[in-house]
Amino acid sequence: MSEQNYRAFWDEALKQIHDEYKEKGQENEFKIWFKMDYVEDNLSQITVAVPSEFMWSRMVSMGYVEAVQKKIAELSGQNIVITYIESNKPISDGVTTEDELAIDAKKERTTAGFPETQQSKNSNNNVSQNSDMPAVNPKPARVHPQLDKSYTFETFVPGENSAFAYNASMAIAKNPGKAYNPILIYGGVGLGKTHLMQSIGNYIFAQTEKEDKICYISAENFTNEFTFSIGNKTVDKFKSKYRKLDVLLLDDIHFLIGKPGIQEELFHTFEALHQKRAQMVFTCDRPISELKGIEERLSTRFNSGMTIDLQPPPYEVRHAILQKKLDSQNKTLLPEIVDYIAKNIQSNVRDLASALNKVIGYTELTGQTVTLDKIQNLIRDIASQPSNGTITIELIQKVVANHFTISISDIKSKKRDKKFVIPRQIAIYIARQITEYSFPEIGAEFGGRDHTTAMHSYNKVECQLKTDSSLNSTIQILIREIKDFKK
């Protein structure tokens, strides 16, 4: 029987898509191709009723089902599979009235477009292989919908900086709920915390295939889902969903700082899962002792198992990571180029991958071999990135404001003039791209805006980047100025 965990997200997703089609003068198209009635859900999928198998096939091939999936992922942070059943009953047109929605209708709507006539490269119920969303199929492939299948123990390169965390994670995966429970992995950005966490989930899932008993979620999305459940009076269903898990993988718990309500709920979730010997894995960007604004009883629980830190990888590990990434892509670079990247990108694995991809992209797009003479300038912006987390939203606002010859107060203001709106949206986009700040935190720093407004700004810029090369150049210049900025 359905727990209706995603009903609120479904209603809001359909309403936002309806608004977008209405704005484009395509409301009739919406009423024809979004005829789906919500039936039930579980942890990883939503089942809907449609008039016929033919109608469903057309909805999939034309991209409409994928559009709903993407919108739900945007709202809930979860990649949900939509499956279908045929129904003889009249199907609604997908439009939900304001009174029926338990979501605040005053939130700004995302205006990014959806494919209207995109043909799927796959037949039957599959969406495009290029999509980030799971396949639309009543019997999805055995890949956990919340986990990145590339995050495995095989693709992780352990070294002296991460061997302890790697071995402990492997032990947990082989004996969930028995060895080292809970485990907290902490460290800076891009060091492999999420990779190890999801490797645990993928390993356990491969052994059990019980996807509704394993949940990976960021602390931000956990908080957002809890907030939705309060507004829609479905808190009991939220509690049931998380307290019946066998494995909880909660990413970035530093997001919980200063949020007593969600901390209270997580404490009780922790107690319930611990009592049933469910495995819990947490990640954080710093030691628990440095998390000011976390209740003591919750901090104690985080520290009650095993706590492991990840340090930046040494040269030998960085070199091995680069070589493994090259091998996995069947690419080759001159040995001296790999050596140069390994020596000059010392911050984290994410920056290593970024530098490598930039070099590979350069060789493929220009047809030229990257030499030592070229490499220094090619990865200068990445190599100069501070590794101590000194990039702040205030710094981003200052650099962007100077570039557009406006004040920081203008960027934070409610002014709707184009000369203020564009810099504000760009600053929000950059803040989300190069920092670990969440949308709620970014919105708060931009004049106390709602997180949906911050998301709207980010999505607007991301959409424009697909067609505006000059905007991309401007953003790259600003990012370089921000990273090179000296106070």
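Data table
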{"read-out": "The range 205-309 - Debye-derived log10 I(q)/I(0), Cα point model, q = 0.11, 0.12, 0.16, 0.22 Å⁻¹", "value": "-0.33, -0.39, -0.70, -1.32"}
{"read-out": "The chain, accessible surface, carbon-and-sulfur percent (1.4 angstrom probe)", "value": "48 percent"}
{"read-out": "Within the range 205-328: Cβ-based charge dipole about Cα centre, in debye rounded to nearest 20 (Lys, Arg +1; Asp, Glu -1)", "value": "320 debye"}
{"read-out": "Loop trypsin sites (Lys or Arg not before Pro), the range 335-444, which have at most 10 other Cβ atoms in a 10 Å radius of their Cβ (DSSP)", "value": "Lys414, Arg416"}
{"read-out": "Share of pairwise Cα separations in the chain, more than 38 Å, in percent", "value": "30 percent"}
{"read-out": "Heavy-atom surface of the range 231-379, accessible at 1.4 Å and reported per residue (Å²)", "value": "49 Å²"}
{"read-out": "Contact order normalised by residue count of the chain, Cα under 8 Å, 6+ apart, percent", "value": "13 percent"}
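The values are calculated or read from the model by the stated rules, or taken from the named source; none is laboratory data. As the structure is a computational prediction, the values presented were derived from the model and not from experiment. Because the Cβ atoms are built from the backbone with ideal geometry, glycine has one as well, and the counts that use them run over all protein chains shown. Just so you know, the surface numbers come from the protein's heavy atoms only, side chains and all, with ligands and any DNA or RNA stripped out. Shrake-Rupley method; radii C 1.70, N 1.55, O 1.52, S 1.80 Å.
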